[in-house]
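One structure is given here, and the rest of the page talks about it.
Just so it is clear, none of the values below were taken in a lab; they were calculated from the coordinates. Computed from a predicted model, the values in this text were never measured in an experiment. Counting neighbours? That spans all protein chains shown, and the Cβs are built from the backbone with ideal geometry, glycine included.
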Amino acid sequence: MIQRVVLIRLRPQHRTSADRRQIAEHARDVLGSIPLLSELTVAPAADGRTGGQWDLVVLAQLADLDAAEAYRVDRTHRAFADLYLRPLAETVRVYHFALE
């Protein structure tokens, strides 16, 4: 099982609680429709220390690295990342971890 961790820093004009909530909701709706994901969590920073660096985290569980690659190039995921999120985000970092 692979845990995909996506850390998102929004552009300053989108760092409001309302924007974070709306972006998280949209991410859950769109990304949650992708069958490759066995689990999806989207959450805002919980404290000031984290919020000073990152606004949102997307945690997605996938079966294996092949599924992670298929997800990366999935049409729905690409549309969300490239067309919706990119204009709102200042920085996006993606990491994969093997779950035991």
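In the stretch 2-31, which residues are surrounded by 13 or more Cβ atoms within 10 Å (Cβ to Cβ) and either more than 15 Å from the chain's Cα centre (by Cα) or not in a helix (DSSP H, G or I) (or both)?
Of everything in the stretch 2-31, those that are surrounded by 13 or more Cβ atoms within 10 Å (Cβ to Cβ) and either more than 15 Å from the chain's Cα centre (by Cα) or not in a helix (DSSP H, G or I) (or both) turn out to be ILE2, GLN3, ARG4, VAL5, VAL6, LEU7, ILE8, ARG9, LEU10, ARG11, HIS14, ARG15.
What number goes with the only condition from (1) without any contact (Cβ under 8 Å) to a residue 40 or more places away in the chain; (2) among the hydrophobic types (A, V, I, L, M, F, W, C); (3) closer than 17 Å to GLN3 by Cβ that VAL73 does not pass?
(3)
Looking at (1) in contact (Cβ under 8 Å) with a residue 12 or more places away in the chain; (2) exposed (fewer than 13 other Cβ atoms within 10 Å of the Cβ), find the lone condition where ILE34 falls short.
Status for ILE34: all satisfied but (2).
Out of curiosity, is ALA81 surrounded by 14 or more Cβ atoms within 10 Å (Cβ to Cβ) and assigned to a helix (DSSP H, G or I)?
When the stated conditions are applied, ALA81 passes them.
Does any residue of the stretch 53-72 turn out to be in a helix (DSSP H, G or I), exposed (fewer than 15 other Cβ atoms within 10 Å of the Cβ) and within 13 Å of the chain's Cα centre (by Cα)?
So far as the stretch 53-72 goes, no, none of its residues is in a helix (DSSP H, G or I), exposed (fewer than 15 other Cβ atoms within 10 Å of the Cβ) and within 13 Å of the chain's Cα centre (by Cα).
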